1. Can you tell which of 608, 431, 310 lies farthest toward the positive end of the dipole of region 301-619, using +1 and -1 charges on the Cβ of basic and acidic side chains (Lys, Arg; Asp, Glu)?
2. What FRET efficiency comes out for residue 291 versus residue 53 if R0 is 60 angstrom and r is the Cβ-Cβ distance? Round to the nearest 0.05.
3. Say each of residue 459 and residue 262 gets a label point 7 Å from the Cα, pointing the same way as Cα to Cβ; how far apart are those two points in nm?
4. Treating cross-link reach as a plain straight distance, find the lysines whose alpha-carbon is under 26 Å from the alpha-carbon of residue 592, omitting any fewer than eight places away in the same chain.
5. If you average 1/r over every pair of different alpha-carbon atoms in region 373-505 and take one over that average, what Kirkwood value in Å do you get?
6. Arrange 325, 343, 577 by Cβ neighbour counts within 10 Å, fewest through most, would you?
7. Calculate the spin-label point distance for residue 186 paired with residue 83, positioning each point 7 Å from the Cα along the beta-carbon direction, and give it in nanometres.
8. Pulled fully out, how much extra length does the chain show between residue 107 and residue 495, if you take 0.36 nm times their separation in residues and subtract their Cα-Cα distance?
Amino acid sequence: MASQRPDGTQVPPDPARTRRSARMRAANRILVNMALDGAFAAAAAPIARYLADPKGGLIHPLWFLASGAITLLVGGAPFRMPQQYWRFSGIADLLGIAGGSVLSAALFALLFHVTGYPLPSVTFPVIHAMVLLLMLGGLRIVYRLSQSKRVRLSAEEVQPVLLVGADEPADLFLRAIGRDRSSSLRILGLLALGTHQAGRRIRGHGILGTVRDAGAVLDRLAAAGRAPRALVVTEPDFRGENLAALIEAADARGIAVRRAPNPTTLAPAARVELRPVAIEELLNRPQVPLDRDGMAGLVRGRRVLVTGAGGSIGSELARQVASLDPELLVLVDHGEFALWQIDLELGETVPHVRRAAVIADTRDAGRIERVFQAYRPELVFHAAALKHVPMVELNPGEGLLTNIVGTRQVADAAARAGARAMVLISTDKAVNPSSLMGASKRAAEMYCQALDIRARQSEPEGDAPGPMRCVTVRFGNVLGSNGSVVPLFRRQLERGGPLTVTHPDMQRYFMTVPEAVGLVLQASVLGTARSGIAAGLSDSTASRLRDGGIFVLDMGRLVKIVDLARQMIRLAGLRPDEDVAIRYTGLRPGEKLVEELFHGHEPPVPTSHPGLLMATPRTADLLAVGNAIDAIETACRGGDPAVAIRLLHALVPEFAHNRDGAPPASPYPPVPLIHAERTA
């Protein structure tokens, strides 16, 4: 207990005194262990004597008892028996007790021989060792069971659950539940992820079937009056479509699905807390293998600049680039707070990486030029953009200046600073655009395509540095990004609903932010390679890349937004349309019902890397695109967005502007994705 000064303030504890106190408590615990082990070993000696020779009598002189205790303390010392923590006794402790018992019995028999006493029987040392093992091991087992006695709960407080997973994580979870005396969870059994496990048992709990049999197992338990209140997923890697199917089966029976804590967080004394399943886990696809060595070769030891570094994609790019040991990482953003956040995070997680946090607006040509000349980056990731369709519709001049003019200014400044490559982050909204945001990103794509074509056509022979490469990567929505639908639904759920969906038929592609950024880096490796074939690309793909091809991330299947909303309501333990309503608000200006990743005239081409496809959209002459952007910039800066929009229509003829939010008729039907296959 802390003491007080005369003025009533607390005197801080003395660290040295605290350490001495801790050492004394540990020493006292060891002395108690020695006393208990010695007492039981003393009792074991006459018991073993009686079992070995019942007619020889039970009570012997005092030295017999003392010798039993002393030989046990000596024999148990090499096995650290006095240091054992009885509450957490396990197999290793029992093996130590067995070794100590054998050595103690051998020493006791040797003492008989030295003092001239005959052994009660030839088998006495064996019997003595077994009695010691049973008594000392039993003592620890009884103590552990007494310490693991659960808090008595009422029937309403008990929560019967069924575990999903029958491997090491399930075993760790069952151990943690056994240690948590206040846990209300009662395990009914397990569902295995694989086959050939049904009927076996883990820590006394039966494996009732596989996840494919979840519906039948739940019905069987319900018929027996043992229906679980929840399914607990113990396997960290169980996600995607299989998890979604399990949740659907559980939801049909009114059963919640929860996640067990990560196995690495299950500390011995920790309380086991379940957590909800995240929506990202349902849409997650199997991890695509990435060329980590190629990424490291692209980034390590180089100066890298990321624009839009405070945004969802930009900040994740900064994290993954920082993990690859660049010489310098320059973080550029026009928002002070977002830039401060990512700079602070990197300072804590990768303090050895040199960083520079720069506040700059890509629309300010002079500022961008000064930044690039000061840091002279070798690799540039351009993620800065105005991305929200309704906001760009309301602010067309700013949207066109940022997404088109800003991209050109970043690309030109990077080329003048001697950058090896620039990577443009584009969007599926650039395909058959119906919004100013999508059309502006398509114009940015066109400028970067034209720059890249010129660079590849004038590339020198050998290893001599050539003009800057421009790699364009296009993908759809990312889960959890700033302003995306998932955080919006979460906020609406916290307020009790309703969840707002613009149209019942609206569909989007989704991908997690880390997955998207990993594939962006993979595309960067391929796009900056001096030889496409050497980088693992086929001849046809390398040829398309030279002709202005752009990379497209394989986003998987389209997801209906209303289905996403219903799934999030279920994951919150609520019922769609009953506990939480879904309200349709109508399409907003510029929105599509269904986004496309490929133009109808640019069929997808698989690459040799899973997760990456290639598109070959229409290209334009660099001078013509540059003149069009000049005219758009003049109109925007002159406060005449209507003229700028007309010029944008001329530059992007497939732009069908949906000003009033009516579902637009796409001039080309969407093309199904062709999934890339790994080359041998």
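1. 431
2. After rounding to 0.05, the efficiency reads 0.20.
3. Here the modelled spin labels are 4.0 nm apart.
4. Reachable lysines: 387, 429, 441, 560.
5. Kirkwood radius, region 373-505: 16.7 Å.
6. 577, 325, 343
7. 4.2 nm
8. In short, 132.4 nm is gained.
Read-outs throughout are calculated quantities, based only on the coordinates presented, and are distinct from any laboratory measurement. Small disclaimer: the values here were computed from a predicted structure and weren't measured. Glycine gets a Cβ as well: all are built from the backbone with ideal geometry, and neighbour counts include every protein chain shown.
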